[in-house]
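Enquirer: Sharing a structure with you now.
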Amino acid sequence: VLLIFSFLYSFGKYFFVFKLFYDFVPFFNDFRVPTRFLFMYAFSFSVFVGFGTEYLLINFDKSKKLAKKLLIVSSSLFTFIGLIYIFLSYYKESAYIFQKYILKNSYAQGMNNS
């Protein structure tokens, strides 16, 4: 609950319940920057991962197949991201084409990069 709430509350005025918490719950109006709730999100996410790791270690015999599938998926994903990084670092022309054509209509058009 804390994981989800802290993530949504960090959106500030874009979270539909933010105004209610800000006006009626004590001490919530003292937080000047709602994105500081991302600290609570990071903490609760790390606790959540700790519980998941403990569950996998306790039920290791049952979770061998799941762990093998997760290992295959995660290694494939990291390999794919690594190949993209290598491709873009060696072929800077591709990155230039990306910048020239795809980012042409971005909000940062006309900014000085110096």
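The values are calculated or read from the model by the stated rules, or taken from the named source; none is laboratory data. Because the structure is a prediction, the values reported are computed rather than measured. In case anyone asks, the SASA skips ligands and DNA or RNA and just uses the protein heavy atoms, side chains included. Shrake-Rupley method; radii C 1.70, N 1.55, O 1.52, S 1.80 Å.
Enquirer: Relative contact order for the stretch 1-90: what percent, with Cα pairs under 8 Å and sequence separation of 6 or more?
Expert: 27 percent
Enquirer: So, taking all protein chains as they sit and a 1.4 Å probe, how much accessible area belongs to D61, in Å² rounded to tens?
Expert: We get 130 Å² for D61.
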